[in-house]
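Each remark here refers to the structure printed beneath this line.
The values are calculated or read from the model by the stated rules, or taken from the named source; none is laboratory data. All figures in this text were calculated on a predicted structure; none of them were measured in a lab. So basically every Cβ, Gly included, is an ideal-geometry build from the backbone, and we count neighbours across all protein chains shown.
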Amino acid sequence: MSLNQLFAILKARWKIVLVVLLTVVSLTGIYDLIAPRKYLATASIMVDVKSPDPVAGMVLPAMMTPSYMATLVDLLVSERVALRVVRSLKLNENPQLMQQWRDATGGKGDFDSWVANTIGKGLDVQPSRESNIIAIAYEGADPAYAAALCNAFVESYIATSAELRMDPAKQYNQLFEGLNNQLRERLEKAQAKLSTFQQQNGLVATDERMDIEMGRLAELSTQVTQMQAMVSDSRNRKREVGARAERSPEVINNTLIASLTGDLLRLEAKRDELQTRYGDNHPAMVEARNNIASLRAKIAAESSRVAGGVGMMNTVNENRLAELQASLDEQRAKVLRMKALRDDAAVMIRDVDNIQRAYDVVQARATQSRMESQATQTNLSLLKRATAPSDISSPRWVMHMLLALFVGTLGGLAAALIAEVMDRRVRTIDDVIADLNVPLVGVMLKSADAKSSLLGKKMQPWLMRQQKTEALGAPQVAPL
């Protein structure tokens with residue numbers, strides 16, 4: 001269909017277009033007149049996603065995700081917030097709403113949920129695309145009622161958000177409190193066990209006694225080493241004294257033996273002199289020999305005494321070495337026993353320290369969860385509180401009229417085309433050539449003035465098609 005045909009159809013059926021347009025505009029006007037007046041109350045909330053948590057002291061990464069704002073919007077339109085609004089405004093005690101619920105549901109279902117769903121239909125939540133602002137609007141038949149419900153939704157939403165943060169914290173607080181009590185009991189039992197063990201075995205918390213016993217063990221070990229050297233020396237001296245007593249250093253260095261030996265030498269020299277002068281039987285010679293024999297007996301007795309003293313010293317050293325060795329073994333066993341006890345005590349101390357650390361961690365988490373369960377602050381801030389609107393929000397006269405004009409025009413055009421299809425008429429030269437499929441003989445004009453204008457416009461398409469026909473060798477029909 002060409003534009004000429006469309007304009008011809010509209011020109012012929014303009015009344016249908018006008019009737020449809022007037023009908024749509026009239027119906028829209030009547031609807032706007034009889035439709036109930038509604039008022040739109042608006043409020044806004046800011047969501048702070050960058051400030052740290054006042055209890056945890058850190059920014060939660062979940063707040064930075066794009067789905068966080070969508071979650072907040074879904075929470076705002078949830079039934080939990082609506083039920084809180086119903087209870088806060090005491091709508092569940094309204095007899096008119098009770099009667100409406102009975103008429104609508106026959107008294108079946110939950111009344112509070114029905115009221116929550118009913119008042120939730122007028123709520124509209126729109127998050128900002130480029131900021132953390134949430135716009136909340138409520139549309140109602142009464143301005144004050146719409147403002148009250150809008151503010152109630154905002155307050156209930158903030159309170160519900162705080163509850164959702166506090167409820168998990170309360171559950172965690174109960175969990176941590178139970179763990180805290182269990183760990184406290186375990187810590188008390190472990191400390192009591194450690195104290196009893198230390199008291200029974202004479203252990204103290206410091207290492208002073210262990211240091212003393214280790215020092216005594218080292219001292220005894222040194223004394224044993226020294227005594228072993230002394231025993232070895234005294235044993236060698238005893239052996240030498242037993243084999244050649246007169247050549248032993250003890251005998252040689254003995255002052256009494258040295259004095260007696262000197263006297264013996266003088267007596268022997270005197271004896272030799274007397275023998276030379278008087279002979280062997282002289283009384284002086286006999287006395288000298290008796291004195292020498294007596295002196296030699298004294299030297300032998302003294303040497304035997306010295307040798308016995310060396311043996312006695314060796315015996316004393318060996319006994320002393322045995323005592324020191326026994327003391328060393330006893331001290332070593334004592335140190336090992338104390339070390340074993342201290343190892344057992346160290347295990348108990350580590351158990352106490354581990355339980356103490358676990359108790360401290362749980363205590364800190366319990367304190368934090370207790371603070372979070374009592375914290376009523378949220379990251380939501382009220383920017384604008386709803387007030388009673390002065391202008392109606394529905395029906396919208398201007399928009400409805402523009403829409404009615406647009407829809408009515410389209411509907412009129414569609415109705416004209418449908419009427420034309422149902423009652424087809426020949427209105428242009430193209431209709432004769434294309435639709436009737438017969439040769440065009442001529443065109444009768446209404447007047448001479450129209451002839452000059454129509455011949456140039458209406459006949460021009462026919463002439464062009466005629467030229468194409470002649471080029472193809474088709475029969476020619478001249479217009480009259």
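Here are a few things to note about the model shown:
- Residue within region 17-33 that is loosely packed, with under 12 Cβ neighbours inside 10 Å, closer than 29 Å to PRO389 by Cβ and out of contact with any Gly (no Cβ under 9 Å at 6 or more places or on another chain) present: yes
- Close Cβ contacts (under 6 Å, 6 or more residues apart or on different chains) running from residues in region 63-81 that are closer than 13 Å to SER161 by Cβ to residues that are of a type in the set (Gly, Ala, Ser) and at pLDDT 85 or above comprise VAL81/SER156.
- Of all residues in region 82-97, those that are in a helix (DSSP H, G or I) and either in contact (Cβ under 8 Å) with a residue 12 or more places away in the chain or surrounded by 17 or more Cβ atoms within 10 Å (Cβ to Cβ) (or both) total 10.
- When GLU323, GLU302 are checked against the criterion of being among the acidic types (Asp, Glu) and modelled with pLDDT of 70 or more, GLU323 stands alone in meeting it.
- Any pair with Cβ under 8 angstrom, 6 or more apart, that starts in region 108-137 at a residue that is within 26 Å of LEU383 (Cα to Cα) and ends at one that is assigned to a loop (DSSP other than H, G, I, E, B): GLY120/VAL77; LEU123/VAL77; VAL125/VAL77; ASN132/ASP48; ASN132/VAL49; ILE134/SER128; ALA135/SER128; ILE136/ALA386
- Residue satisfying all of: in region 137-161; in a strand (DSSP E or B) and surrounded by fewer than 24 Cβ atoms within 10 Å (Cβ to Cβ); modelled with the lowest pLDDT among these: GLY140
- If you filter region 265-297 down to residues that are small (Gly, Ala, Ser) and in a helix (DSSP H, G or I), you find that the one that is surrounded by the most Cβ atoms within 10 Å (Cβ to Cβ) is ALA288.
- All of (1) closer than 21 Å to ALA144 by Cβ; (2) at pLDDT 80 or above hold for MET46 with one exception: (1).
- Residue within region 358-373 that is touching a residue at least 24 places away in the same chain (Cβ under 8 Å), closer than 30 Å to ASN151 by Cβ, surrounded by 17 or more Cβ atoms within 10 Å (Cβ to Cβ) and hydroxyl-bearing (Ser, Thr, Tyr) present: yes
- Neighbours by Cβ (under 7 Å, 6+ apart or cross-chain): first from region 3-24, under 11 Å from LEU405 (Cα atoms); second part of a helix (DSSP H, G or I) and of a type outside the set (Gly, Ala, Ser): LEU21/THR409; VAL24/VAL407
- Any hit, region 189-202, residues being farther than 16 Å from LEU83 by Cβ, not in a helix (DSSP H, G or I) and not assigned by TED's automatic domain parsing to the domain that holds MET69: yes
- ASP353 vs. criteria within 30 Å of LEU175 (Cα to Cα), modelled with pLDDT of 80 or more and not in a loop (DSSP other than H, G, I, E, B): yes
Residue by residue, here is whether (1) over 30 Å from ILE349 (Cβ atoms); (2) hydrophobic (A, V, I, L, M, F, W, C); (3) modelled with pLDDT under 75 holds:
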site	(1), (2), (3)
ALA205	no, yes, yes
ALA218	no, yes, no
THR222	yes, no, no
GLN228	yes, no, no
PRO249	yes, no, yes
SER294	yes, no, no
